[in-house]
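What follows is calculated from the coordinates using simple rules that are stated; it is not laboratory data. Quick caveat, the model's predicted, so the values are computed rather than measured. Neighbour counts run over all protein chains shown; Cβ positions are idealised from the backbone, glycine included.
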Amino acid sequence: MAHELEQKALAQYLESHNLKQTKQREVILEAFLEAGGHVTGEDLYQQIREHYPRIGYTTVYRSLKLFVEASLAEERRFDDGVARYEIEHKHHDHLVCLGCGQILEFESAVIEQAQKEVADGMSFTILRHRHELYGHCAECRED
């Protein structure tokens with residue numbers, strides 16, 4: 001199994017919440033981790049059903065919600081309102097193309113520092129934030 005740490009974390013979460021560990025959940029988690037990026041429930045379902053036609057859309061969707069609760073995934077909603085899921089990992093921000101829908105991740109120490117300085121200057125404690133920039137990628141941009 002390629003993602004043993006995540007499978008163990010899911011098993012521990014399920015056990016601590018008196019939920020059953022099922023083969024379907026294992027398959028869905030493995031497919032989610034392999035997909036990477038910002039996957040929708042529909043995307044993941046289409047990918048899974050090729051090899052596991054008995055796993056339904058509702059099972060995939062509920063499993064994604066469970067992965068969020070278990071801190072294995074994050075749910076993101078950009079301007080289109082579609083729920084996308086990504087692997088829970090260190091903080092990053094997003095560039096979202098309004099033309100093709102491409103989502104790019106980036107990190108910027110300068111932005112993080114500026115946010116901290118603004119918050120500190122206003123005696124505000126940041127608990128979490130989302131930084132999303134919307135525009136057009138190089139392929140969609142009209143020069």
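Cα gyration tensor of segment 4-87, axes a ≥ b ≥ c as square roots of the eigenvalues: rounded (a/c below 1.5), prolate (a/b > b/c) or oblate? It comes out oblate by the Cα gyration axes. Under the convention that each Lys and Arg Cβ holds +1 and each Asp and Glu Cβ holds -1, the size of the dipole of the chain around its Cα centre is about 760 debye. Pairs of lysines in the chain whose Cα atoms sit within less than 26 Å of one another amount to 8, provided the residues are eight or more positions apart or on different chains. Mean sequence separation of contacting Cα pairs (under 8 Å, at least six apart), scaled by the length of the chain, corresponds to a relative contact order of 18 percent. The string of couplings for segment 64-70 from the Karplus curve (6.51, -1.76, 1.60, θ = phi - 60°) is 4, 4, 5, 5, 5, 4, 8 Hz, one whole number per residue in order, with x for Gly and Pro. In this label model, Arg141 and Gln21 are separated by 4.9 nm, measuring between points 7 Å along each Cα→Cβ vector. Residues Ser71, Ser123, Ser63, ranked from the fewest to the most other C-beta atoms within 10 Å, line up as Ser123, Ser71, Ser63. Inter-label distance, Gln46 to Glu117: 4.4 nm, where each label sits 7 Å from its Cα along the C-beta direction. Taking amide H positions as modeled 1.01 Å from N, with prolines and chain starts lacking one, the residues under 5 Å from Glu88 and 5 or more places away or on another chain are Ala73, Glu74. The fewest-to-most ranking of Thr22, Thr125, Thr59, Thr40 by surrounding Cβ atoms within 10 Å reads Thr125, Thr22, Thr40, Thr59.
In sequence order, segment 21-32 has phi-based couplings of 7, 10, 4, 4, 4, 4, 4, 5, 4, 4, 5, 4 Hz under the Karplus curve 6.51 cos²θ - 1.76 cosθ + 1.60, θ = phi - 60°, and Gly or Pro positions carry x.
A simple charge model with +1 on the Cβ of Lys and Arg, -1 on the Cβ of Asp and Glu and nothing else charged puts the dipole of segment 93-135 at about 140 debye relative to its Cα centre. Placing unit charges on the Cβ atoms only, positive for Lys and Arg and negative for Asp and Glu, gives segment 4-87 a dipole magnitude near 400 debye about its Cα centre. Each other residue within a Cβ distance under 10 Å of Gly99 adds +1 if Lys or Arg and -1 if Asp or Glu, for a net charge of -1. Extension gain for Leu133-Thr58 works out to 23.9 nm (0.36 nm per residue, less the C-alpha to C-alpha distance). As a length-normalised measure over Cα pairs under 8 Å and 6 or more apart, the relative contact order of segment 70-123 settles at 21 percent.
Would you work out which of Gln102, His92, Ser123 lies farthest towards the positive end of the dipole of segment 71-140, given +1 charges on the beta-carbon of Lys and Arg and -1 on that of Asp and Glu, about the Cα centre? Result: Ser123.
Neighbour counts of C-beta atoms inside 10 Å place Cys100, Cys137 in the sequence Cys100, Cys137, starting with the fewest.
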